[in-house]
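Heads up: the structure comes next, in structure tokens.
Here, each number is a calculation from the coordinates, and none is a lab measurement. This structure is a prediction, so every number in the text was calculated from the model and none was measured. Positions of Cβ are generated from backbone atoms using ideal geometry, with glycine treated the same way; all protein chains shown enter the neighbour counts.
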């Protein structure tokens, strides 16, 4: 791929600075077709005669450091008799602060571009322009660009060109574009502009979002625009950025004379508020708008209810996914992290696949997971692997099994199972060779029930047993390998025996469940032998805690399922609709517009949970939506007929709501399930695009595609 082109870079290592490369093109006649193929070690922004090529933000995207996607653009209408191709380059995700832990391994690898422009003329002649020593380069007006720290642009900077450096980097790292492009999605005008008690001028967009902003203004040469961003205000109403940690997330623009507009090209921000540090004259809503940026995903899932608070939660879940599905499933978009945490991805993957069409998104990310997985089977805690982790925690590494299986269930994608099966099996090997006890996963470091509310003082980790949680996930991942193997025709007899032995050993070793999370996992993953007793114990724990949860990262996604599967549907609804801390609706009542990392990111006194780990756009707890889709509204795939080829629709309503509905645009058409409380009974309205089983109050109805009322 791009075999005739060379990797080229600025002759000196430039990290925060953005070089620009240029090549003059003289057309030889009437152009029939022109195509630009391009990739980079870093992020590129290409133009022809000043007009942007394509609409891929931060191209070529965030991948394993061992591969780079190649984009192909039709530039036929942009090629003139004489024109200039220019490409600016930033360190992007490849180098710089976001990659600091592995930068030492790449200290001699320069941020670079590689490209080929192919022109076919109407007379049949062809012309090729390759990146090579004939290109020129200069530092650019983008004087600083960093994923964490933002962007600086100086209109007064004068480019001074010199010869490029040609790098002998391998071409085998190049690959075709696999995931969806990152694109601008929508624009949001300021909700209000106000002064804080400290006297700072702040713009509120009334929505926590991921993206950047566009400024438009009249100014004089040398005047500056300086902006900083934040997610929240403190209890006094002042601008608050401590939770960004070391990420500066700033924007500085040095003006030219006259009317001008600009938006960042090599970074993104997570924010709701903008502080105006400097601005020529008085700023108004006409001077700035926010631009929402995320992977180009089609919305497929919709939830609605009679509860305004619940509807706001549903909205927050959607915004949390949009804000964190920016080429990879990040944990958060604002602080000095923004990583593809495997744990976040696996707990949310089902909800993600109902809310949006994420098939290609996860295919690309799981490819990177396989590439970054070590021969030992170790799965990094973050993918792409840029942190140099040397251990893999339970519930995080299990993304290697859980995510492919969910792609199969939602989309009927056998190919993803075939591609990931080796990775899935290798992960089980890693567990087996990194445990003190055969058929368990013990003696290793884990994140555990991260941020569990029963955590000991000074710990981020819940009180649940790491060894128990790890062993349960070992069993679950083994069961998924068995299912996947059967689907693609692999022999799984040894894994069937392994699963039986794991379950037996867990039951023999862990006879008592001491926490909410331990009860939840024992029930949900089929470990509990006396389900009725364990379910009653879980219910008692919840009621003793004021009908509130104590679960953290690994217990929360399954708690409502564990209850509803074992006769406690109404208690599950009580938790869903709980408004007091800790609960899903607590943050809604606190004014959240996305999902928080902590149940009490801001407590009822207006105080912050912590400074160093307190994201207000952290989608993981939004996984509760899969219970609403699949249990409350009852829309479920059938393992034997995945991709909604057949559907089981078995809603479980509650008189605590007057109405609840779910709609999913599947590969086979629209499935919807709604129920309404009418007097003392329920009215159900169900539409299915395929043959389905509808279960109402325990009565089974076998139906063909169509709409039905019960």
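Enter the Cα centre distance for the pair region 104-179 and region 495-539, rounded to the nearest angstrom.
After rounding, the separation between the Cα centres reads 55 Å.
Taking 0.36 nm per intervening residue step and subtracting the Cα-Cα distance, what contour gain separates residue 224 from residue 242 on full extension?
Separation in residues times 0.36 nm, less the Cα-Cα distance, equals 4.0 nm.
Can you give the Rg to Rh ratio for region 301-632, taking only C-alpha atoms and Rh from Kirkwood?
Ratio of gyration radius to Kirkwood radius: 0.94.
When all alpha-carbon pairs of region 647-709 are counted, what percent fall beyond 21 Å?
20 percent
Among 213, 616, 608, which comes first, second and so on when ranked by fewest other beta-carbon atoms within 10 Å?
Values: 213 23, 616 26, 608 18.
Exposure proxy ranking, most exposed first: 608, 213, 616.
At 0.36 nm per residue, minus the direct Cα-Cα distance, what do residue 611 and residue 429 gain on full extension? Give it in nm, one decimal, please.
Working: separation 182, 0.36 × 182 = 65.52 nm, distance 3.84 nm.
The span from residue 611 to residue 429 would gain 61.7 nm if fully extended.
Sort 324-331, 527-534 for me by packing, meaning the mean count of neighbouring Cβ atoms within 10 Å per residue, highest on top.
My ranking of the peptides, most packed first, is 324-331, 527-534.
Give me the angle, in degrees from 0 to 90, between the Cα long axis of helix 308-324 and the longest principal axis of the Cα atoms of the chain, rounded to the nearest 10.
On a 0 to 90 degree scale, this one is about 50.
In nm, what is the difference between 0.36 nm times the number of residues separating residue 49 and residue 580 and their Cα-Cα distance?
Net length gain for the segment: 185.4 nm.
Arranged by the count of other C-beta atoms within 10 angstrom, fewest first, what order do 459, 423 take?
459, 423
Find the Cα radius of gyration of the chain, compare it with 2.2 N^0.38 Å by division, and give the number to two decimals. Numbers along the way, then the final one.
Numbers: Rg = 26.7 Å, N = 710, 2.2 N^0.38 = 26.7 Å.
That ratio works out to 1.00.
Taking only Cα atoms, what is the 0 to 90° angle, nearest 10, from helix 359-372's long axis to the longest principal axis of the chain?
80 degrees
With the contact rule set at Cα under 8 Å and sequence spacing of 6 or more, what percent relative contact order holds for the chain?
After rounding, I find 11 percent.
Based only on other Cβ atoms within 10 Å, what is the fewest-to-most ordering of 703, 481, 20?
Ascending number of Cβ neighbours within 10 Å: 703, 20, 481.
Ranked highest first by average number of other Cβ atoms within 10 Å, how do 537-546, 646-655, 26-35 line up?
Put in order of decreasing packing, that is 646-655, 537-546, 26-35.
What's the ranking of 629-640, 678-689 by average number of surrounding C-beta atoms within 10 Å, highest first? Kindly include the intermediate steps, with their values, before the conclusion.
Values: 629-640: 21.3, 678-689: 15.2.
Taking the mean over residues of other Cβ atoms within 10 Å, the ranking is 629-640, 678-689.
Based on alpha-carbon atoms only, what is the radius of gyration of region 273-423 relative to the globular estimate 2.2 N^0.38 Å?
Relative to the rule-of-thumb radius for its length, region 273-423 sits at 1.24.
For region 226-329, what mean projected area does the convex hull of the alpha carbons give, in nm²?
Numbers: hull surface 39.0 nm².
The number I arrive at for region 226-329 is 9.8 nm².
For region 1-123, what's the relative contact order in percent, using C-alpha pairs closer than 8 Å and at least 6 residues apart? Mind dumping the intermediate values first?
On the way: 239 pairs, mean separation 55.4, N = 123.
Averaging sequence separation for qualifying contacts and normalising by length gives 45 percent for region 1-123.
Mark the label point 7 Å from the Cα of residue 188 along Cα→Cβ and return the residues of region 550-589 whose backbone N is within less than 19 Å of it.
Once the point is set 7 Å along Cα→Cβ of residue 188, 587-589 turn out to lie under 19 Å by backbone N, inside region 550-589.
Could you grab the relative contact order for region 584-637? Cα pairs under 8 Å, six or more apart, rounded to a whole percent. All intermediate terms of the calculation are to be shown ahead of the outcome.
Numbers: 53 pairs, mean separation 16.3, N = 54.
With pairs under 8 Å counted, the relative contact order is 30 percent.
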